[in-house]
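Asks: Quick one: the structure is below, questions incoming.
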Amino acid sequence: MKHINRILGLVLGGLVLTIAPAMAESNLCPNGSFTSTNNPFEGWGLDYDWSGNSKQMGNHKNVSFLPEYKGRSNVLKMVVPAGYESKVETPIMEYDPGDRYKCTFDLYTDVVGMRLLFLGYALAPGVPPSELPKFSDLRRIYKGDTVESKGASWKSMTVIFPHEQISELAYKHLKKVRYMTVMMFVPGALFGAGTFYISNVKIVKLPGKCKVMKSASKSSGDE
């Protein structure tokens, strides 16, 4: 009996070790694969007409869904008009200050100067708490490091937020963050027209929290 119990213990232990990494790697990005039956872009930030920014008016009209593009399935396509700012944001996710996240996705673009980064938000003044705020309910208070896009072929992109070690000043801002997104942004006023494609968006939580370093200098990506 002891021998059987020992074998069962080893088997169950192996199952725990096998399941735990899989659970840790679950995708936290709602509708990250654009497979919602209601709308392939359900939850995503595409329409910024509410902001009053003339360079982003009609942004949502330039986005379309492709079942397949150059070997990738379920693809977001964004046409970038010259002279306009074009952007998309992942669905809004709750954020507990100090937690660290990694976003990976496939990107194909012929746009020069495309920027990819995490954004941290708090509720705008006067907006009451709710389970799922709208983009217009939020006020941006934190920007992660910016990663620039690569050439016109499918590339695997990675963005991490926040740094593993941050300054006290950076944490002063970070601890006010309650929501986060990942933004894919093209400052079209500076660059010409083009197109970008996104697929397989995945966000996972990294182990541990960021460390506040009293002696660390402030990084430009920390605010």
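Asks: Jot down the per residue volume, in cubic angstrom and as a whole number, of the convex hull over the alpha-carbon atoms of the stretch 26-222.
Replies: 125
Asks: Which whole-Hz couplings ³J(HN,Hα) result when phi for each residue of the stretch 72-77 is put into the Karplus expression 6.51 cos²θ - 1.76 cosθ + 1.60, θ = phi - 60°, listed in order with x for Gly and Pro?
Replies: With coefficients 6.51, -1.76 and 1.60, one gets 10, 9, 6, 10, 8, 10 Hz.
Asks: In addition: Work out from phi, with θ = phi - 60° and the Karplus expression 6.51 cos²θ - 1.76 cosθ + 1.60, the ³J(HN,Hα) of each residue of the stretch 95-105, listed in order in whole Hz, and give x for Gly and Pro.
Replies: Running phi through 6.51 cos²θ - 1.76 cosθ + 1.60 with θ = phi - 60° gives 9, 9, x, x, 5, 10, 9, 10, 10, 10, 6 Hz.
Asks: I'd like the Karplus ³J(HN,Hα) series for the stretch 31-42: coefficients 6.51, -1.76, 1.60, θ = phi - 60°, whole numbers in Hz, and an x wherever there's a Gly or Pro.
Replies: Ordered by residue, 3J(HN,Hα) equals 6, x, 9, 6, 10, 4, 6, 6, 6, x, 10, 4 Hz.
Asks: Another question, then. Evaluate the charge dipole of the stretch 26-222 about its Cα centre and quote only its size in Debye, nearest 20, assuming +1 on the Cβ of each Lys and Arg and -1 on the Cβ of each Asp and Glu.
Replies: So the dipole magnitude of the stretch 26-222 works out to roughly 500 debye.
Asks: Using DSSP, restrict attention to beta bridges with both residues in the stretch 26-222 and report what percent are antiparallel, rounded to the nearest 5.
Replies: The antiparallel fraction comes to roughly 95 percent.
Read the figures in this text as sums done on the coordinates, not as results from a lab. In this text the structure is predicted, and so the values were computed from the model without any measurement. Note: ideal-geometry Cβ built from the backbone for every residue, glycine included; neighbour counts use all protein chains shown.
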